[in-house]
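The values are calculated or read from the model by the stated rules, or taken from the named source; none is laboratory data. Quick caveat: nothing in here was measured; it's all calculated off a predicted structure. Methodologically, a virtual Cβ is constructed for each residue, glycine included, from the backbone with ideal geometry; neighbour enumeration extends over all protein chains shown. For accessibility, only protein heavy atoms count, side chains too; no ligands or nucleic acids. Shrake-Rupley method; radii C 1.70, N 1.55, O 1.52, S 1.80 Å.
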Amino acid sequence: MAQNVFDTLKERGYLAQVTHEQEVRELLGKPGAVFYIGFDPTADSLHVGHFVQMMVMAHMQQAGHKPIALLGGGTGMIGDPSGRSDLRQVLTVDSIKHNVDRFKEQMKILIDFSTDKAIMVDNADWLLDLNYIEFIRDIGSQFSVNRMLTAECYKQRLEKGLTFLEFNYMLLQAYDFLMLFRKHNCQLQLGGDDQWSNILAGVDLVRRKDQGSSFGMTFKLLTTSAGTKMGKTAGGAVWLDPNKTTPFDFYQYWRNIDDADVINCMKLLTFMPMEEIAEYARLEDAAINDAKKKLAWEVTAIVHGRETADGVKKQAEDLFERGGRSDDMPSTSISADVLDQGPSLLDIMLEAKLIPSKGEGRRLIQQGGVYLNDEQINDFARVVVKSDFANNEAIIRKGKKVYHRLTLD
């Protein structure tokens, strides 16, 4: 007999809080439960924090349940104050529509939307045309301000000033649940643990207004063993869009995470069997690198496809384990005419977008972080000449991990 997906989610470490554990477990014990997760379209790509939510949806769908991906075209015009100490930027209708369209494509990585197995809805469909007086009379009357002010998402904003715009957010998210319950018989709202207060409000509203069986469940946010949010780099978020985070950089992010985080990420971000993960958990010291490679390949294969994952894995191994040369590394070609003019290495690095400015290039050289064919460069005015090329190629290295091939036309 197949394992109850509730137990699967618990075993893999997703679950944080649940409103009615026994009832939820019974609901998920047989196929056909309808559940939803909300995504506010504040950017034009999903990131790895959203990826955890998509994995939960995929586990649930594989167990025979029906996901609703609720895109916040309406709530996105206000912004969720949860986890924020500042006011979110309010987006335009056009930018929200563009972001919603991008999300739809990325969700298909993991969720099967064919033949009504899952649906996408946009809360703009019912929020943008609301009559405010009717809404406040009908929905606002169900909420206690005293109770709302005890919610974590509002407490931390009170010190800096909570706008009434944001204060409405909990009502709108709760109303979403009520609408999905009425339209699609949706009984379960899922979300990250920072959404607990909003989810409780929705569960309560469905029970008060329609006496419906409604439940909420949150899962852990993607954090390191030290408790900080994962998915951030010096360059910003780790995005699912290959144009915002290249598949190579995506692979390298997971390849380079801390040893202590590898097993948790395998549980949350891959479909690897728990028995196989347990084998990797036994590895120690340098052998943990094998677990990191496995994790990086598995996550990259889900997001970008197996062929791309194979390619970036080979590229990384060529660069970092086989002397820094790879057929797949980024390249810039230089004509013999340009080379005859005596271009500086800084000029070429700027052209190849390896540095944002010559000033940054000089700083890197000063810190000993620029190499040409494994020779450390100390001269700001170093000129690239024909003798630097062997078999019509030369390799620039920036820091320890950024390699770039120059080819001579």
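Worth a mention:
- Angle between the chain longest axis and helix 93-107 axis [Cα atoms, degrees, rounded to 10]: 80 degrees
- HN-Hα J in Hz across the stretch 354-361 - Karplus 6.51, -1.76, 1.60, θ = phi - 60°, x for Gly and Pro: 7, 9, x, 7, 5, x, 5, x
- Exposure of I288 as accessible area (Å², to 10), given a probe of 1.4 Å and all protein chains: 30 Å²
- Residue range of the chain that is longest and free of GluC sites (Glu not before Pro) which are both DSSP loop and sparsely packed (at most 16 other C-beta within 10 Å): 1-158
- Our coupling estimate for the stretch 267-275, obtained by passing each phi through the Karplus curve with A = 6.51, B = -1.76, C = 1.60 and θ = phi - 60°, is 5, 8, 10, 9, 9, 4, x, 4, 5 Hz, Gly and Pro reported as x.
- Amide H contacts of C186 (H built 1.01 Å from N, in plane; Pro and chain starts excluded): F181 sit under 5 Å, all sequence-distant by 5 or more or on other chains.
- Along the stretch 289-298 the Karplus relation, 6.51 cos²θ - 1.76 cosθ + 1.60 evaluated at θ = phi - 60°, assigns HN-Hα couplings of 4, 5, 5, 5, 4, 4, 4, 4, 5, 4 Hz to successive residues, with x for each Gly and Pro.
- In the elastic network of the chain, a GNM with C-alpha springs shorter than 10 Å, the most mobile of S144, S197, S213 is S144.
- Acute angle (nearest 10 degrees) that the helix 306-321 long axis makes with the longest principal axis of the chain, alpha-carbon atoms: 40 degrees
- Accessible surface of I111 - all protein chains present, 1.4 Å probe, nearest 10 Å²: 10 Å²
- For the stretch 287-409, the relative contact order works out to 25 percent when only alpha carbon pairs closer than 8 Å and six or more residues apart are counted.
- Under 5 Å, built H, 5+ apart or other chain: amide partners of W239: T245
- Cβ-based charge dipole, the chain, positive-most Cα from Q61, L15, P273: L15
- Rounded to 5, percent antiparallel among DSSP beta bridges of the chain: 50 percent
- Cβ-based charge dipole, the stretch 124-221, positive-most Cα from F181, L130, F164: F181
- Loop-located trypsin sites (Lys or Arg not before Pro) in the stretch 239-285 whose Cβ has at most 12 other Cβ within 10 Å (DSSP): R282
- Mean accessible surface per residue for the stretch 228-338, computed with a 1.4 Å probe while every protein chain stays in place, in Å²: 50 Å²
- For the chain, relative contact order (Cα pairs under 8 Å, six or more residues apart, normalised by length) works out to 14 percent.
- For the chain, the longest principal axis of the Cα atoms and the long axis of helix 48-62 meet at an angle of about 60 degrees.
- Sorting R208, R397, R363, R405 by accessible area puts them as R208, R363, R397, R405; the probe is 1.4 Å, largest comes first, and only protein heavy atoms count.
- Label point at R362 placed 7 Å out along Cα→Cβ; residues across the stretch 379-409 whose backbone nitrogen lies under 17 Å: 379-383
- In range of the label at H20: residues from the stretch 199-222 whose backbone nitrogen is under 20 Å from the point 7 Å along Cα→Cβ: 199-219
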